[in-house]
Amino acid sequence: MKILFVVNPVSGATSNDKAILFIHEKARETRTDFKFCYTTGENDEDVILTQLKDYEPDRVVACGGDGTVQLVARVLMGKNVPIAILPLGSANGLATALGLPQGLEDAVTLSMTGKKVKPLDILRFDNKHYCTHLADIGINARMVKRYTEEGGSGMIGYAKHLVQSIKESPLLKYTIKTPERTYHKEGYMMAFANAHMYGTGIHISQGSVSDGKFEICNVERVALDDAIKAGLTKFNVFIDKNMFSDVISCAKAEITIDQKTDFQIDGEYMGQIDHLHIDILPSYLHIVTQEDNRE
Ligand SMILES: Nc1ncnc2c1ncn2[C@@H]1O[C@H](COP(=O)(O)OP(=O)(O)OP(=O)(O)O)[C@@H](O)[C@H]1O
């Protein structure tokens, strides 16, 4: 077995040294051939692609947050090499939704030796942007923008960005066209979900990452006080279970918004948009999960 580890050295709040140590130990124990490829934030896709061709790994482990998972997923799409996740990010949305182990040692072991591989759908925006976990427009995307531009940490940083994002996010009017019907809705944010929950554990829908569908979830109202009280992780504005009660499940949709609004994919800020074409690429990738995965 040959494993390529794609490591984002700046992901998460703490150092990745312990994870690297576990990988060395596990590789020695299981006599696994492995190689590290560190991301730089620039040109990473090409570098990984070259590694794939030269090293020919049997699997690639994305070591980082959702941004790193998405990067590796983009490179592996349509290829016969499975992806595994070693969640080292600050949110780890897809890993959480898949119920991957939280403990570092267990997570390293599964990523290297896990045998069960399940299909993973990929969400595609405007035929060019890909998403493994979740994208959204409105309040949360505004938060991602603020964090990207201004940084911040802890409860004070979180509360500041949250309050500002809510203040700065106007009521949006959207038209959602699916092959089945057209909807007219209003809200402060809308999520496009491949998985069934946010990385914070907030449940969105009954959807699964391998059902060939995605969910469009409209948030009509935001309870600011509750959001601040509940906010322990930086992107957790979603505390009210009923916030995600307005859900459309589909395989394709066209969204038109009455004004330009912030847009983020898998925690990466994408700029402002007022129109989106979304479709799903069913089972486009294979992902390593636990034997008893029931996501
Ligand atoms: N060496 C590097 N230096 C600076 N930025 C990097 C480097 N490698 C990757 N990046 C950037 O890191 C981002 C992806 O981060 P990732 O999602 O893996 O971690 P995170 O933000 O801590 O976790 P999460 O998305 O779960 O909150 C991308 O924007 C990418 O360009």
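Here are some notes:
- Consider the range 45-79 and keep the residues that are within 18 Å of TYR130 (Cβ to Cβ), away from the ligand (no atom under 16 Å from the Cβ) and not in a helix (DSSP H, G or I). The one that is nearest to the chain's Cα centre (by Cα) is MET77.
- Residue match in the range 78-88 (condition: polar (S, T, N, Q) and touching a helix residue (DSSP H, G or I) at 6+ places or on another chain (Cβ under 8 Å)): no
- LEU110 satisfies every condition listed in (1) at pLDDT below 95; (2) assigned by TED's automatic domain parsing to the domain that holds LYS53; (3) touching a Leu at 6+ places or on another chain (Cβ under 9 Å) except (1).
- Note on the range 211-232: among residues that are over 22 Å from ILE176 (Cβ atoms) and surrounded by fewer than 17 Cβ atoms within 10 Å (Cβ to Cβ), the one that is modelled with the lowest pLDDT is LEU232.
- Boolean, LYS18 is free of Cβ contacts under 8 Å to residues at least 40 places away in the same chain and either surrounded by fewer than 18 Cβ atoms within 10 Å (Cβ to Cβ) or within 10 Å of the ligand (Cβ to nearest atom) (or both): no
- Where strands (runs of 3 or more DSSP E) sit wholly within the range 81-142, those with at least 3 residues that are over 11 Å from ASP66 (Cα atoms) occupy 117-125, 134-138.
- The single condition among (1) farther than 20 Å from ILE265 by Cα; (2) without any contact (Cβ under 8 Å) to a residue 60 or more places away in the chain; (3) not acidic (Asp, Glu) that ILE23 does not satisfy is (2).
- Scan of the range 30-42 for residues that are loosely packed, with under 10 Cβ neighbours inside 10 Å and near the ligand (Cβ under 10 Å from one of its atoms), ordered by number: GLU42
- Of everything listed in (1) assigned to a helix (DSSP H, G or I); (2) more than 21 Å from the chain's Cα centre (by Cα), the single unmet condition for PHE36 is (1).
- Of all residues assigned to the range 275-293, none qualifies as being outside any strand (DSSP E or B), within 16 Å of the ligand (Cβ to nearest atom) and either assigned by TED's automatic domain parsing to the domain that holds GLU186 or crowded, with 17+ Cβ neighbours inside 10 Å (or both).
- Exactly one residue out of LYS173, LYS145 is more than 18 Å from the chain's Cα centre (by Cα) and either part of a helix (DSSP H, G or I) or not acidic (Asp, Glu) (or both), and it is LYS173.
The values are calculated or read from the model by the stated rules, or taken from the named source; none is laboratory data. Keep in mind that what you see is a predicted model, and the values were worked out from it rather than measured. Reconstructed Cβ throughout: ideal geometry from the backbone, glycine too, with neighbour counts over all protein chains shown.
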